[in-house]
1. Can you work out the Karplus-derived ³J(HN,Hα) for every residue in segment 31-42? Use 6.51 cos²θ - 1.76 cosθ + 1.60 with θ = phi - 60°, whole Hz, and x for glycine or proline.
2. Within the chain, what whole-number % of the accessible surface is contributed by carbon and sulfur, with the 1.4 Å probe and all protein chains included in the calculation?
3. Report the semi-axes of the equivalent ellipsoid for the chain in whole Å, largest first, where each axis is √(5λ) for an eigenvalue λ of the Cα gyration tensor.
4. On full extension of the chain, what length is gained from D33 through A47, given 0.36 nm per residue of separation minus the C-alpha to C-alpha distance?
5. Hull surface divided by four, with the convex hull built on the Cα atoms of segment 20-66: how many nm²?
6. Counting only heavy atoms of protein chains, what accessible area per residue, in Å², does the chain have with a probe of 1.4 Å?
7. Compute, for the chain, the length of the dipole vector about the Cα centre, with Cβ point charges of +1 (Lys, Arg) and -1 (Asp, Glu) only. Units Debye, rounded to 20.
Amino acid sequence: MRLVLDTNVLLSLWVFDRSPGGSRLAPLRALIDAGTLLPLSRTDCLAEFERVLAYPEFALTPDAQQSILADYRNRLQTSASAASTVSATDAEEPLRLPKCSDRDDQKFLELARDSQAAALVTSDKALLKLARHRLLAGRFRILTPEHLLAEFGVT
């Protein structure tokens, strides 16, 4: 299953998994590691993740930040290769998307559309509000990590 993970979900999967008790989303990480789920990304989404990893509250050394980024990059497909499955007509005239109230999150909607993802996985309220928007019908779903895990029978 091809999916887009927003930055907060990435933090849960790649940063908070190092904390005592691990991440509550460890089963989701296991599905990614097993190849059941294929994360998709593009340059601006990766840049945001890299920038957030450097926040002082995470206390990650530069080496740890680079290690996390490399580990994530080894598991994902970037938009350049994901776009190869999109027809020329689709690439020339992208389908309209709803506007997210948080403009910084619009890129995740665009990535999900452009890479033909099955889902955008997020805990962000602004994105989740768009889950039932008519412009997304039949394209991709917006759901929480917990909802996705429930679909795989993991609670």
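The values are calculated or read from the model by the stated rules, or taken from the named source; none is laboratory data. This is a predicted model, so every value here is computed, not measured. Note that each Cβ is placed from the backbone with ideal geometry, even for glycine, and that neighbours are counted across all protein chains shown. Only protein heavy atoms, including side chains, enter the accessible area calculation; ligands, DNA and RNA are left aside. Shrake-Rupley method; radii C 1.70, N 1.55, O 1.52, S 1.80 Å.
1. Computed from phi, the couplings for segment 31-42 are 5, 5, 4, 7, x, 5, 10, 10, x, 10, 8, 8 Hz.
2. Ligands and nucleic acids excluded, carbon and sulfur reach 52 percent.
3. Working from the Cα gyration tensor, I get semi-axes of 25, 17, 15 Å.
4. Extending this stretch completely gives an extra 2.8 nm.
5. That works out to 4.4 nm², a quarter of the Cα hull's surface.
6. Value returned for the chain: 53 Å² of accessible area per residue.
7. So the dipole magnitude of the chain works out to roughly 460 debye.
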